[in-house]
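This report refers to the structure that appears directly beneath it.
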Amino acid sequence: MPQSADNVLDHFELFRGPEYQQMLANKKKMFENPRDPAEVERVREWAKTPEYKELNFAREALTVNPAKACQPLGAVFAAVGFEETIPFVHGSQGCVAYYRSHFSRHFKEPSSCVSSSMTEDAAVFGGLNNMIDGLANTYNMYKPKMISVSTTCMAEVIGDDLNAFIKTAKEKGSVPAEYDVPFAHTPAFVGSHITGYDNVMKGIFEHFWDGKAGTTAKLERVPNEKINFIGGFDGYTVGNLREIKRIFNLMGVDYTILADNSDVWDTPTDGEFRMYDGGTTLEEAANALHAKATISMQEYCTEKTLPFIGNHGHEVLAFNHPVGVTATDKFLMEVSRITGKPIPEELAKERGRLVDAIADSNAHIHGKKFAIYGDPDLCLGLAGFLLELGAEPTTVLATNGNQKWADKVQALFDSSPFGGNCKVYPGKDLWHMRSLLFTEPVDFLIGNTYGKYLERDTGTPLIRIGFPVFDRHHHHRYPVWGYQGGMNVLVWILDKIFDTIDQNTIVPAKTDYSYDIIR
Amino acid sequence: MSLANTQSVAEIKARNKELIAEVLKVYPEKTAKRRAKHLNVHESGKSDCGVKSNIKSIPGVMTIRGCAYAGSKGVVWGPIKDMIHISHGPVGCGQYSWAARRNYYIGTTGIDTFVTMQFTSDFQEKDIVFGGDKKLAKIMDEIQELFPLNNGITVQSECPIGLIGDDIEAVSKSKSKEYDGKTIVPVRCEGFRGVSQSLGHHIANDAIRDWVFDKMDPNAAPRFEQSPYDVAIIGDYNIGGDAWSSRILLEEMGLRVIAQWSGDGSLAELEATPKAKLNVLHCYRSMNYISRHMEEKFGIPWCEYNFFGPSKIAESLRKIAAYFDDKIKEGAERVIAKYQPLMDAVIAKYRPRLEGKTVMLYVGGLRPRHVIGAYEDLGMEVVGTGYEFAHNDDYQRTAQHYVKDGTIIYDDVTGYEFEKFVEKIQPDLVGSGIKEKYVFQKMGVPFRQMHSWDYSGPYHGYDGFAIFARDMDMAINAPIWKMAKTPWKTDSKPTLLAAE
């Protein structure tokens, strides 16, 4: 009997014992009708070949292990960034259970969100009653300052009209007539989670700036000296937004973070559950119209929002998830240009410290090959950083990246002598990546938690950067933006490199001559 | 610490009734009326818990429930390891449920085994407009080419499929024919069907009946010789290895487990099950349908059992053995005796640390009742419980065999209600899901996820009980909970939502 009260064995040890091993072997042999092990081995090896890769890349219909989620997830991500706002997802309720679980697994935080719980009758008659009852219940129970409505694919397929429904619900007294219920249609069969983020952001500004769905006058822009900052869909939102605030405060910039979800996803454990915490106030969201400029940290998360803002008389500019020295330089200099505020000496010193760290360590990274996957902007940011470290972002893949994005990545490759052998893959998934890691091997893989299956199958060490990260804790609390953020990314990469060297030199009397204590 | 320990049952009942009345005040009148039917204080001797169940969730209240797709793909079908399960529709459903349930299995993933992979048709607008049947057919061809060792395919429908009028049955039939009678199973588990995961379980069960059992060649030679001791484990999803730590006991008592449904299960095991002498059923809610079907069609009796905690395990082993001869009955006694010292040691170690502690549960399936015995083995008391997607037969079983007089019962609880109940009752532990975990931990209340075992487990069987006891102790007695309150603040008692 392997189990004991003194030394309780967990699942990762318990089933290794002879009793269980024997049991599982018998199960397989007797009852599973298993494939011939030689055949399994043959197919396993075949799946590593260029021939398999060619078949794999010829896929037209099947998607396997995609690195993207659906629009409504991004909708929720954006909505919780506003003060005491509850996301209200119109459609099937199971979707909301999924978004809440997904965010809670990443941030290790509560994620509040409601559904209009549409079922078969709503599929036939439309979800108007669900909207009427749902808004009334949410408003009374959770006392939000704003309810941000988005949709699931179900509501989109049957063609529910949010604008009309919300109007009717207000007429029926679900919420007061003047109460803020911005909305956005976020069909899951268009784009990805970053599209949903974009649609909700645009929907909220449209609501506040353009007359609240025809119920009030449009706001008149009265220009001021503030700047707006939009982070985009970002797994590091907690660490990143706090870092951006610190940087802006150091510079003396007057700013508004739009959709600031850094507090609601990092609440203290002190005896009180904060369903709402922090966030962009509704007043700030409205007054953002008057700002001098709006900066988006992620171009592909704001493809509709930025032009919308631009049409309201702002300067708008977008970055691609800047990581590292050059990208941060550019970001800060643009902020400085727009605001007229000089970059303070303290940030120059931080820059110098990051350069110093890279100078100390780049010998271990130089010339190493990396495969990267993730959202389009993150891929660009990380690829840019690797290039300045003298590494090669050999393979860059975004399931939700398009050709325009691919051209931008290619231009980045072309700008550096280290980009010569690099290739970009728009619209591909992690089963494509698996083939690439076999046929065009790299030294390290950068991606989210799902990358661990690639690490297992191909032996490529995984550096976890992206969303979601379920199986490592608290990384979302660290920034990856700013020079400090660059430092974090540098350290994560270096830690994996050194761990890998140690793993490969650890066998006594065989390889441990290189098991060095100084590196 | 716990209020429940210091009060009489009458006082507890009065308090719980008052609490229910109080939470209902937050709702608009119509909603309050509807929710009132789902909340109750259990009266011992009653045949059920006195709550309505399996009714539509109310819009906007923050139900914790999922959908039919989650019940079929996520629960019943997903763990069948040698088949490829296509999440048919937009990308999200498959993405959020990808490998999230820890249904353990042995196999070479991506080659002959596919559980922790996400196969999706990734519907685009054109698929909605023009239909997705052609794409589905092509997907099946591509699966055959790239994953030649798969033993079958299921089509797990997401919401749009049923709304745009796709004929996945026709596609499945024609492709099955093209691939020499390959098992291809269309499942109509669109998320808008029914009121919760529950209908998805039922639809998935029916799909096994119609597309696996009914398609089998009755004259095919059996893959193994039958024995009088053949049983199938039904309704164990092998979360953290639960089915394995259960199987080992059944085998030790002399039975032969010919199939696992569906954790670490295979198509061959599904197909072999009609030959079982007895189906042993753990999760009644999700797999009673197929058990009843096999009873009617093949004359296989089924027997519910409970492998949480030594009391219920021993009771269950004897109950199962009663279907067999003396050899098996003796086997059951031998197994119980073998593990008694381990159980004694576990209880001696943990019971003193947990005696008198109170627990509130809110889970799905069988757990809101099945785990009560395990807590009681540790001297703990369950003071509140509720189901996400139970039917009345679940509440009958709960009332008749599990809960104590005065227990507060909440069906399809809302976020608001659950938080308020916990705040007022102040249990020593809450057992629920990932969406609830951090809410209660913020309040300073120890918590264990009772769907995923908080990434631990197994919790089934004797080996699992040792882990269960250790985990409950570590949750409740972790030093961190004494530090939740800020020492220089005098009044930091938990406060409710912004609503208060």
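The values are calculated or read from the model by the stated rules, or taken from the named source; none is laboratory data. Remember, it's a predicted structure, so these values are computed and weren't measured experimentally. Glycine gets a Cβ as well: all are built from the backbone with ideal geometry, and neighbour counts include every protein chain shown. What goes into the accessible areas is simple: the full protein's heavy atoms, side chains included, and nothing from ligands, DNA or RNA. Shrake-Rupley method; radii C 1.70, N 1.55, O 1.52, S 1.80 Å.
Worth pointing out:
- Note on the stretch A:197-240: dipole from Cβ charges, positive end direction compared against A:A213, A:N228, A:M201; the farthest Cα belongs to A:A213.
- Between 0 and 90°, nearest 10: helix B:9-24 axis offset from chain B longest Cα axis: 70 degrees
- In the protein assembly as shown, the C-alpha radius of gyration followed by the widest Cα-Cα span (Dmax) gives 28.5, 90 angstrom.
- Projected-area average for chain B over all orientations - Cα convex hull basis, square nanometres: 25.2 nm²
- Remark: mean inter-chain Cβ contacts per residue of B:113-122 equal 5, using a 10 Å Cβ-Cβ cutoff to other protein chain atoms.
- Taking each of B:K17/B:K437; B:K17/B:K404; A:K143/B:K420; A:K428/B:K173; A:K145/B:K56; B:K30/B:K56 in turn, the alpha-carbon distance tops 22 angstrom for B:K17/B:K437; A:K428/B:K173; A:K145/B:K56.
- Residues whose amide H lies under 5 Å from that of A:A188, counting only those 5 or more places away or on a different chain, are A:C153; hydrogens are built 1.01 Å from N in the peptide plane.
- Accessible area per residue for the stretch A:209-282 is 35 Å², calculated with a 1.4 Å probe on protein heavy atoms, without ligands, DNA or RNA.
- Relative to the dominant Cα principal axis of chain B, helix B:310-321 is inclined by about 40°.
- The residues packed around A:T302, meaning those with a beta-carbon under 13 Å from its beta-carbon, carry a net charge of -4 if Lys and Arg are +1 and Asp and Glu are -1.
- Shielding score for B:83-95, defined as the mean number of other chain Cβ atoms within 10 Å: 6
- Shape class for the stretch A:475-519: prolate, because the ratio a/c of the largest to smallest gyration tensor axis (alpha-carbon atoms, square roots of eigenvalues) is 1.5 or more and a/b beats b/c.
- Mean Cβ neighbour count within 10 Å, used as a protection proxy, ranking A:490-501, A:102-113 highest first: A:102-113, A:490-501
- MRE, 222 nm, helices only [DSSP H, n ≥ 4, -39500 (n - 2.57), over chain B, to nearest 500]: -12500 deg cm²/dmol
- Seen through its C-alpha gyration tensor, with square-root eigenvalues sorted a ≥ b ≥ c, the stretch B:12-119 comes out prolate because a/c lies at 1.5 or above while a/b is bigger than b/c.
- Amide H to amide H distances under 5 Å link A:F82 with A:T280, where only residues 5 or more positions off or on other chains count and H is placed in the peptide plane.
- Placing unit charges on the Cβ atoms only, positive for Lys and Arg and negative for Asp and Glu, gives the protein assembly as shown a dipole magnitude near 1120 debye about its Cα centre.
- Integer Hz, Karplus 6.51/-1.76/1.60 couplings in order for the stretch B:420-429, x for Gly and Pro: 5, 4, 5, 4, 7, 7, 6, x, 7, 7
- For residues of A:155-162, the mean tally of beta carbons on other chains within 10 Å: 3
- Net charge contributed by nearby residues that have their C-beta within less than 11 Å of A:A136 (K/R +1, D/E -1): +1
- Gyration tensor verdict on the stretch A:269-382 (Cα atoms; rounded if a/c is under 1.5, prolate if a/b is larger than b/c, oblate otherwise): prolate
- DSSP assigns beta bridges within the stretch A:266-414; of those with both partners inside it, close to 10 percent run antiparallel.
- Packing-based order for A:157-163, B:53-59, using average beta carbon neighbours within 10 Å, highest first: B:53-59, A:157-163
- Apportionment of accessible area to carbon and sulfur, chain A, percent (1.4 Å): 51 percent
- With helices as the sole contributors, chain A gives -14000 deg cm²/dmol at 222 nm; each DSSP H run of n ≥ 4 counts as -39500 (n - 2.57), and the sum is divided by every residue.
- Descending by average beta-carbon neighbour count within 10 Å, the peptides A:22-31, A:286-295, A:57-66, B:237-246 line up as B:237-246, A:286-295, A:57-66, A:22-31, the highest first.
- Taking amide H positions as modeled 1.01 Å from N, with prolines and chain starts lacking one, the residues under 5 Å from A:K423 and 5 or more places away or on another chain are A:T395, A:V396.
- Taking Lys and Arg as +1 and Asp and Glu as -1, the other residues whose beta-carbon sits under 14 Å from that of B:K182 total -3.
- Residue by residue, the stretch A:189-202 carries 3J(HN,Hα) couplings of 8, 10, x, 8, 4, 6, 5, x, 4, 4, 4, 5, 4, 4 Hz when phi is fed to the Karplus relation 6.51 cos²θ - 1.76 cosθ + 1.60 (θ = phi - 60°); x denotes Gly or Pro.
- Relative to the longest principal axis of the Cα atoms of chain B, helix B:326-354 runs at roughly 40 degrees.
- Whole-Hz ³J(HN,Hα) from phi, Karplus 6.51 cos²θ - 1.76 cosθ + 1.60, for the stretch A:352-363, glycine and proline x: x, 5, 5, 4, 4, 5, 5, 4, 5, 10, 5, 4
- Of all DSSP beta bridges in the protein assembly as shown, antiparallel share, percent nearest 5: 10 percent
- Accessible surface buried once B binds A (1.4 Å probe; total of both sides; Å²): 9700 Å²
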